[in-house]
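The values are calculated or read from the model by the stated rules, or taken from the named source; none is laboratory data. Keep in mind that what you see is a predicted model, and the values were worked out from it rather than measured. Cβ placement follows ideal geometry from the backbone for every residue including glycine, while neighbour counts extend to all protein chains displayed. Heavy atoms of the whole protein, side chains included, go into the accessibility calculation; ligands, DNA and RNA do not. Shrake-Rupley method; radii C 1.70, N 1.55, O 1.52, S 1.80 Å.
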Amino acid sequence: SWAPDINGTVNSIAFRHGKCSHAYIGGSFTSVNGTKASNIAAISTWTGALVNTFAHHASATVETVRALNRHILVGGFYTSINGSSANPYMTSLNPRTGRDDRFVHLRISGHYQYPRVGNNLTRVYNQALSHSGRLDLVMGDFTSVGGKKRQQIFMLRISGRKAKVTRWTSRDFSSHCVTVEPFYIRAASWSPDDRTIYIATTGRNLASRPGGVFPLTGLCDAAAAFPATKTSVQPIWINYTGCDSLYSTAADAGTAYFGGHPRWSMNPDGCNHPGPGSYTAKGIQGLSPTTGALYLN
């Protein structure tokens, strides 16, 4: 009997820890069960009904929703949400009222610009909470966050009274992939001890790469690991698919997992073909957390 009627796309769903009476949803829609609700809403997990006490209007698509005990962290294309335009693209909402609680105030701005780049708009696309619940990796299309230069991804400290951008970053995140995929870090995950960060990317290859030149470099169409140290870091390892996209990642103590539409792994010397030393690994790959090498059956 639980069948909420949402007239569009739901991109993300979140639940507060230990408080699962409401499901917080974000996406691209205009109504829930026939009641006007634009891109953000809370619905009852008992009845599927819209929770009217939680405000439900974002000016454009919501891409990601994550729940903390006292905050609902929301990101997307919108510039105003539930009556507030103070924190466009990423906002912290009160879990009861849906109003901007000002826990996040990042002044996110900018978009990627380089020769012949395709149209791209400022947005927050995805999040990955640490196991400690104190840090949040935020991915999207931006060049400035909290007054700091950031592209593709940043680390947000979400403990204390106000969220704050940490010093964690890498020069690799400022590299540009092909012009049709200017935003390419689509997912991130944490090792169980929160010491290592794994990222999954699209992008084919670097925009500056001459055709037919190998090995591949940069972070395009790759799985990669970085230390979570709050400073400027370099990759621990990069595993190239050979120009196939990855969209998801998760990790346990023994394996870093990456999913998308890869055909190969360990393929820095091939692009849409298997290069020397590569392995067939379709759809999902399990990699060594320490070396990035593919685990073979």
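Side notes on the structure shown:
- Sorting the segments 82-90, 21-29, 274-282 by their mean number of nearby beta carbons within 10 angstrom, highest to lowest, gives 21-29, 82-90, 274-282.
- Our coupling estimate for region 291-297, obtained by passing each phi through the Karplus curve with A = 6.51, B = -1.76, C = 1.60 and θ = phi - 60°, is 10, x, 6, 5, 7, 9, 5 Hz, Gly and Pro reported as x.
- FRET efficiency, 1/(1 + (r/R0)^6) with R0 22 Å, evaluated for ASN297 and ASP252 via beta carbons: 0.75
- Accessible area expressed per residue, the chain, with surrounding protein chains retained (probe 1.4 Å, Å²): 45
- Per residue Cα convex hull volume in Å³ - calculated over region 86-182: 112
- Taking GLY286, GLY242, GLY254 as the candidate residues, the one with maximal mean-square fluctuation in a Gaussian network model of the chain, Cα springs under 10 Å, is GLY254.
- With DNA, RNA and ligands ignored, accessible area of LEU296 (1.4 Å probe; Å², nearest 10): 100
- List ASP136, ASP193, ordered by accessible area with a 1.4 Å probe, largest first: ASP193, ASP136
- Solvent-accessible area of region 120-169 (1.4 angstrom probe, protein heavy atoms only): carbon and sulfur portion equals 45 percent.
- Calculated SAXS-style log₁₀ I(q)/I(0) at q = 0.20, 0.23, 0.25 Å⁻¹ - region 77-117, Debye, Cα scatterers: -0.60, -0.71, -0.80
- Quarter the surface of the alpha carbon convex hull of region 153-297 and you get the mean projected area, 8.7 square nanometres.
- Per-residue packing, averaged as other Cβ atoms within 10 Å, sorts the ranges 146-159, 4-17 into the order 146-159, 4-17, beginning with the highest.
- Computed over region 205-283, the convex hull of the alpha-carbon atoms projects to a mean area of 6.0 nm².
- Percentage of interatomic Cα-Cα distances in the chain larger than 36 Å: 18
- Solvent-accessible area of SER174, all protein chains in place: 60 Å² (probe radius 1.4 Å, heavy atoms, ligands and nucleic acids excluded).
- Region 146-200 - Rg over Rh from alpha carbon coordinates, Kirkwood radius: 1.00
- Lysine pairs in the chain whose alpha-carbon atoms fall under 15 angstrom of each other, counting only those eight or more residues apart or on distinct chains, come to 5.
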